[in-house]
Amino acid sequence: MTVETNKETLQFQAEVQQLLHLMIHSLYSNRDIFLRELISNASDAADKLRFEALKDESLYENDGELKIRVSYDKDARTITVADNGIGMNRDDVVENLGTIARSGTRAFMEKLTGDQAKDAQLIGQFGVGFYSAFVVADRVSVHSRKAGEKPELGVCWSSDGQGGYTVEYEERPRRGTEIVLHLREDAEEYLDGYRLRQIIRTYSDHISLPIVMPTEGEGAEGEETINSASALWRRAKSEISEEEYHEFYKHVAHDWEAPLAYSHNRVEGDQAYTSLLFIPKNPPFDLWERDARHGVKLYVKRVFIMEDPDTLMPRYLRFVRGVVDSDDLPLNVSREILQHNRQVDRIRAASVKRVLGLLETMAEEEPEKYADFWSAFGRVLKEGPAEDFANRERIAKLLRFSSTKDGKEEADVTLADYVSRMREGQEKIYYLTAESYKAALNSPHLEVFRKKGVEVLLMWDPVDEWLMAHLTEFDGKPLQSVAKGSLDLGELEDEKDKKEFEQVAEGYKGLVERLQKALGEQVREVRVSHRLTDSPSCVVVESHEFGVNMQHLLKAAGHAVPEAKPILEINPEHALIQRLKNEVEDDFDDWAQVLYEQALLTEGAPLEDPAGYVRRVNRLLGKL
Ligand code: ADP
Ligand code: MG
C-alpha cells in the first residue's frame, strides 16, 4: 500500500455514536475534564511502554525520557496533547477509538434514561475517556506511531464525532501519540495558557511523568513542567491533599467521582512496598462481568507491571482500585509467574486485611457512609465467606441484613446486633432466604417465630443461599434456616407445648397418610407442622439442601441440581386443614394438590403445571 492511497472511511460502532451524542450533551457543564482524560491516557501509554521496554530496551528508540506535552495554537484554534508512550498502529486506533470493546456496553446503554443528570452519572461510572475530547472539539485528529514500528506505519485518525472517522497511514518519525483538538466556537476559553495550566494542576498534578507546556511570555523559549511529576503514592501522606488523592483515584479507577474511602500505606522491612487502595462510591458498570479489566495496579519500583482484577485482590473485593508498588519484586515478571509468587501472595494477603480494616473503621465511625458502601457493594462482599476462609469472621462482621425486628427492606442489622438481642434460651441465629423482600416478610415460615417473639434475618438475593452455605456459624452460634430441616427451637419451646403438639399430631395421622397418597412422588413426606399459625401449609427442605426457589434458579442457570423433594407441612389449627380432615371426601385429591401448590407458590417457586393449578382452584371454588 502506498502512503497516498490508503485513506479509509469507517463508521463508529453504534454504541460509540450513542455515547458520543450523550456525552457532548451531558458533560457540557464539566468540560474541563477533557484534558484530564487525555493526559490520563497519555500516562497509561507511558506506563505500557515502560513495561514493554523491560523486555526490549530498543523500544525506547533513544528517547527514554517519557513526558506529556500540552500546547495550543490561538490562530489555528487547536490544543495538542502529545506523548512519547507506546503509541498505536492502524488496528489499534480502529479498535480503541472506533469501538467500545467492553463487555457490558450494551447493558450499560440500556440503562441510559435520557435524563441528562442521571445519564451523566452513569457515563461517569462507565468511564468517559477519549471521547470526552468531543465535548470541546468539533474535529479531533489523532496522529500516532507504535513503539518499534517503522515510521511509514504511522497513522492519522480523524473524526468530527458524528457518524464516522477516517484512518490513513502517514510517515511519523516520532513514536507516540499526538492528539489535536480543533476547538468548537464556544470552547475558545481553552486557548489560554493560564487556564490550561490551572486545569492541569487541578486534575493532573498526580501524574508521575512530567506534563510540560511551552514557556510563555516576552521572548520566552523552551518548556516548563506544570505538575509535580512524582509518583503520588511515593510521597508522604502529610504532603498529599484530599483533592490530590481524589484526582489520582479518578485516574487509576477511570472513575468520575471521588472515592468513598482510601488507605495509603508504606510497608518497610525485607519486603518493602507501598499501597494506595481506594473504595469507589459507585459500582463500576462491569462489576458483574467476568472479563472486567480494572483492578489494583501493580508497579515495581514505579514501573507499571500489570493491572487485572485477580492478582492483588480476591473476587469479593474486586471493586477495590489503586496501586501497589513493590521495591523487591523482579521487574521482568510475567503474569503467570505473578500468580504463583509468594511475595505477591503476601502483599495480597496484607492488602486484603487493609481493605477489611478500612471497612471496619468506616462501619464503626461513619455508619452512614458504610450504608452507602453496603448498598453499592454488599452483594459482592457476600461472596467473601465462601472465597476467603481465613477472613471469614471479619467479613461476617461486615455483613448487613434485613430482619423481622423492624421489617425494613434496608439491610442494617449486623450479626452482632442479632446475637445481642437473642432471647433467653435461644441457641441459634435464624434466617430466611426468599425470592423477594415481600416474599420473605410474608413467608409462612416466620409465623411461629413471630408468635414467640424471635427475630429472624431476612434475605432475598440469590447470592444469599451461597453465602449461608458457607457461613454456618457466628460467634459460636450456628446459623439456621427457618425453612430447612425439622424445626427445633431448643429451649425456646416449653415441654407442655411439645406434649400438646404431639397429641394433636397423632390425631392428624390419618389425614397425613391420605395426603401422602394423593401427592405421591411429588413430596418426600407430609407432616404436621408447628411452624405455622396462619397459613394452612408450607414446604421445607432438608438442612443441607438448597431451598425450592434456589433449586429453580440454579436449574435455570444451567446447573445440575440434585433432585431434592420438598416436605409438605400442614397446620392443624387451620380451618382448611380441619375441613380436609373431617369433611372432604369427593375432591380430596384436588384439595391435596392445591394445598401443595400453594405452599410452592409462597416460596416463589414456579409450578410445573400452572394451568392445572388454576383449573383445580376454579373447580373447587365452583362447588362452594
Ligand atoms: P480507557 O482509558 O478507560 O481505556 P479511553 O476512552 O480513555 O478508555 O481510551 C481508549 C483506549 O484508547 C485506551 O484504552 C488506549 O488503548 C487507547 N488510547 C487512548 N489514548 C492513547 C494514547 N495517548 N496512547 C496510546 N493509546 C491510547
Ligand atoms: Mg482513559
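The values are calculated or read from the model by the stated rules, or taken from the named source; none is laboratory data. Predicted model only: the values in this text are computed from it and were never measured. Every residue, glycine among them, receives a Cβ derived from its backbone with ideal geometry; neighbour counts consider all protein chains shown.
So which helices (runs of 4 or more DSSP H) stay within region 4-123 end to end and still have 2 or more residues that are away from ligand 2 (no atom under 16 Å from the Cβ) and assigned by TED's automatic domain parsing to the domain that holds I305? Lay out the reasoning, then the answer.
On the way: elements: 14-26, 33-55, 90-98, 105-111.
Where helices (runs of 4 or more DSSP H) fall fully within region 4-123, none carries at least 2 residues being away from ligand 2 (no atom under 16 Å from the Cβ) and assigned by TED's automatic domain parsing to the domain that holds I305.
Mind listing just one residue for me: the one in region 284-317 that is within 12 Å of the chain's Cα centre (by Cα) and more than 16 Å from ligand 1 (Cβ to nearest atom) and, of those, surrounded by the most Cβ atoms within 10 Å (Cβ to Cβ)?
L317
Listed residues R184, R145, R197; which is touching a strand residue (DSSP E or B) at 6+ places or on another chain (Cβ under 9 Å), free of Cβ contacts under 8 Å to residues at least 60 places away in the same chain and crowded, with 22+ Cβ neighbours inside 10 Å?
The unique qualifying residue is R145.
In the set S132, S158, S144, which member is within 13 Å of ligand 1 (Cβ to nearest atom) and in contact with a Ser or Thr (Cβ under 6 Å, 6 or more places away or on another chain)?
S144
What number of residues within region 394-449 are assigned to a helix (DSSP H, G or I), at pLDDT below 95 and surrounded by fewer than 14 Cβ atoms within 10 Å (Cβ to Cβ)?
Number satisfying all stated conditions: 1.
For region 383-393, what are the residues that are of a type in the set (D, E) and assigned to a helix (DSSP H, G or I)?
E387, E393
At pLDDT 95 or above, within 15 Å of ligand 1 (Cβ to nearest atom) and assigned by TED's automatic domain parsing to the domain that holds R69: does that describe R172?
Judged against the criteria, R172 is a match.
Residue by residue, here is whether (1) assigned to a strand (DSSP E or B); (2) acidic (D, E) holds:
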{"residue": "E247", "(1), (2)": "no, yes"}
{"residue": "V252", "(1), (2)": "no, no"}
{"residue": "A258", "(1), (2)": "no, no"}
{"residue": "H264", "(1), (2)": "yes, no"}
{"residue": "Q271", "(1), (2)": "no, no"}
{"residue": "L277", "(1), (2)": "yes, no"}
{"residue": "P284", "(1), (2)": "no, no"}
{"residue": "L287", "(1), (2)": "no, no"}
{"residue": "R290", "(1), (2)": "no, no"}
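For E608, state whether it is charged (D, E, K, R), within 24 Å of M550 (Cβ to Cβ) and not in a helix (DSSP H, G or I).
Criteria met by E608.
Kindly list, by first and then second residue, each pair from a residue in region 33-55 that is more than 9 Å from ligand 1 (Cβ to nearest atom) to a residue that is part of a helix (DSSP H, G or I) and of a type in the set (K, R), limited to pairs with Cβ atoms under 9 Å and residues at least 6 apart or on different chains.
Sorted first by the residue in region 33-55, then by its partner, the pairs are I33/K250; R36/K250.
Out of (1) outside any loop (DSSP other than H, G, I, E, B); (2) touching an Asp or Glu at 6+ places or on another chain (Cβ under 7 Å); (3) under 29 Å from H470 (Cα atoms), the odd one out for H552 is which?
Checking H552 against (1) outside any loop (DSSP other than H, G, I, E, B); (2) touching an Asp or Glu at 6+ places or on another chain (Cβ under 7 Å); (3) under 29 Å from H470 (Cα atoms), the one that fails is (2).
Restricting attention to region 259-305, which residues are basic (K, R) and closer than 28 Å to A371 by Cα? Write out each step before concluding.
Of region 259-305, the ones basic (K, R) are 266, 281, 290, 293, 297, 301-302.
Of everything in region 259-305, those that are basic (K, R) and closer than 28 Å to A371 by Cα turn out to be K281, R290, R293, K297.
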